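Q: Structure below; questions to follow.
The values are calculated or read from the model by the stated rules, or taken from the named source; none is laboratory data. For clarity, every value in this text was computed on a predicted model and none was experimentally measured. Here the Cβ positions follow ideal geometry from the backbone for every residue, glycine too, while neighbour counts run over all protein chains shown.
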Amino acid sequence: MTTADRATVRVEITLDLTCVHSYLGFTRFERAARRHRDAGGTLDVTFLPFRVSPDAPAAGRPLSEVHAEFFGSAENAARATAGMAETGAREGLEFDFARAVHVDTFEAHRLLAAAGEQGLAEPMAERLFRAYLTDGLNIGDAATLTRLAAEIGVRRAETGPGADAEASRLRAELDRVRALGVRSVPLFRFEGAGLLSGAQPEEAFRRAIEAAARHGG
């Protein structure tokens, strides 16, 4: 059986858009997914929302301040994040923790859900991660989200009944994910091939995709 003959691989990814481990895991998964697609396979990727910092201020706050408080000092924070920045660089990612804006991700998840309905969830997720960890943008800011959505070609309801309905659906989905017992992210669930947690190596994602493809076929 060739890759092209196999059934569509369905993957659920639970993540938060300000989580560096989610960005790493998503990047590695996307590379494995690209290899599968390039070989003629198909994947159906959906995202489940999770908020690491639901109490973060809506207006945003420098992440460097949050890190300094958590690690005890700015110096300790710099040492703690330097290794993660090096890990990102090895993956071709730039993590600029000094510029990042600590913010609740509710509105970013609402945009990602809208992108999913339009078949654009994967590029939208990548753009939101990069906006947060590389560009130093506030991904809780409405104008910023509108601009990012336009870059990817996603239509979003900014205000009014449409936005209210999206927000209600998102709250229900966040409640459902919590009820599933999710306490940390990222999580990658492959239909027929189990669950991977954390920023796994690309090869682990490749094996999971192939196992799910064989199971479906």
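Q: For the range 182-217: of the residues being assigned to a loop (DSSP other than H, G, I, E, B) and in contact with a Lys or Arg (Cβ under 9 Å, 6 or more places away or on another chain), which is surrounded by the fewest Cβ atoms within 10 Å (Cβ to Cβ)? Don't jump to the end; show me each part of the working.
A: Residues of the range 182-217 that are assigned to a loop (DSSP other than H, G, I, E, B), as a first pass: 182-186, 191-193, 198-201, 217.
Now drop any that are not in contact with a Lys or Arg (Cβ under 9 Å, 6 or more places away or on another chain), which leaves 191-193, 199-201, 217.
Details: 191: 15, 192: 15, 193: 21, 199: 20, 200: 18, 201: 11, 217: 14.
The qualifying residue surrounded by the fewest Cβ atoms within 10 Å (Cβ to Cβ) is 201.
Q: Out of all the residues in the range 144-166, which are modelled with pLDDT of 95 or more and closer than 21 Å to residue 59 by Cα?
A: Of everything in the range 144-166, those that are modelled with pLDDT of 95 or more and closer than 21 Å to residue 59 by Cα turn out to be 144, 145, 146, 147, 148, 149.
Q: Residue 142 versus (1) more than 23 Å from residue 11 (Cβ to Cβ); (2) under 15 Å from the mean Cα position of the chain (by Cα): which is the lone unmet condition?
A: (2)
Q: Return yes when residue 89 is at pLDDT 95 or above and within 23 Å of residue 49 (Cβ to Cβ) and no when it is not.
A: Working: at pLDDT 95 or above: yes; within 23 Å of residue 49 (Cβ to Cβ): no.
Against the criterion (at pLDDT 95 or above and within 23 Å of residue 49 (Cβ to Cβ)), residue 89 does not qualify.
Q: Mind telling me which of the residues 14, 18, 46, 27 ends up being surrounded by 15 or more Cβ atoms within 10 Å (Cβ to Cβ), assigned to a strand (DSSP E or B) and of a type in the set (Ser, Thr, Tyr)? Please lay out each step first, then the result.
A: Values: 18 fails: assigned to a strand (DSSP E or B); 46 fails: surrounded by 15 or more Cβ atoms within 10 Å (Cβ to Cβ); 27 fails: assigned to a strand (DSSP E or B).
Unique residue meeting the criteria: 14.
Q: So the check is Cβ under 8 Å with 6+ separation or different chains; which pairs have a first residue in the range 193-217 that's among the charged types (D, E, K, R) and a second one that's at pLDDT below 95 and buried (at least 17 other Cβ atoms within 10 Å of the Cβ)?
A: Here the result reads 214/6, each pair linking the range 193-217 to a residue that is at pLDDT below 95 and buried (at least 17 other Cβ atoms within 10 Å of the Cβ).
Q: Take the conditions assigned to a helix (DSSP H, G or I) and closer than 21 Å to residue 60 by Cβ and apply them to residue 128. Does it pass?
A: Values: assigned to a helix (DSSP H, G or I): yes; closer than 21 Å to residue 60 by Cβ: yes.
Here the answer is yes, as residue 128 does meet what is asked.
Q: Considering 75, 94, 65, 107, which residue is farther than 29 Å from residue 210 by Cα and without any contact (Cβ under 8 Å) to a residue 24 or more places away in the chain? Spell out how you get there, then give the answer.
A: Details: 94 fails: without any contact (Cβ under 8 Å) to a residue 24 or more places away in the chain; 65 fails: without any contact (Cβ under 8 Å) to a residue 24 or more places away in the chain; 107 fails: without any contact (Cβ under 8 Å) to a residue 24 or more places away in the chain.
None of the others qualify; the one that does is 75.
Q: Same structure again: Residues being surrounded by fewer than 20 Cβ atoms within 10 Å (Cβ to Cβ), out of contact with any Pro (no Cβ under 6 Å at 6 or more places or on another chain) and in a helix (DSSP H, G or I): count how many of those fall in the range 145-169. Don't jump to the end; show me each part of the working.
A: First pass over the range 145-169, keeping only residues surrounded by fewer than 20 Cβ atoms within 10 Å (Cβ to Cβ): 146-147, 150-153, 155, 157-169.
Among the residues that remain, those that are also out of contact with any Pro (no Cβ under 6 Å at 6 or more places or on another chain) are: 146-147, 150-151, 153, 155, 157-169.
This time we only want the ones that are in a helix (DSSP H, G or I), so: 146-147, 150-151, 161-169.
Of the residues in that region, 13 qualify.
Q: Would you point out which residue out of 121, 59, 85 is over 16 Å from residue 20 (Cβ atoms) and over 17 Å from the mean Cα position of the chain (by Cα)?
A: Values: 121 fails: over 17 Å from the mean Cα position of the chain (by Cα); 85 fails: over 16 Å from residue 20 (Cβ atoms).
It is 59.
Q: A further question on this structure: Hey, any hits in the range 97-104 for a residue that's surrounded by fewer than 22 Cβ atoms within 10 Å (Cβ to Cβ), on the phi < 0 side of the Ramachandran plot and either acidic (Asp, Glu) or without any contact (Cβ under 8 Å) to a residue 12 or more places away in the chain (or both)?
A: Yes, the range 97-104 contains at least one residue that is surrounded by fewer than 22 Cβ atoms within 10 Å (Cβ to Cβ), on the phi < 0 side of the Ramachandran plot and either acidic (Asp, Glu) or without any contact (Cβ under 8 Å) to a residue 12 or more places away in the chain (or both).
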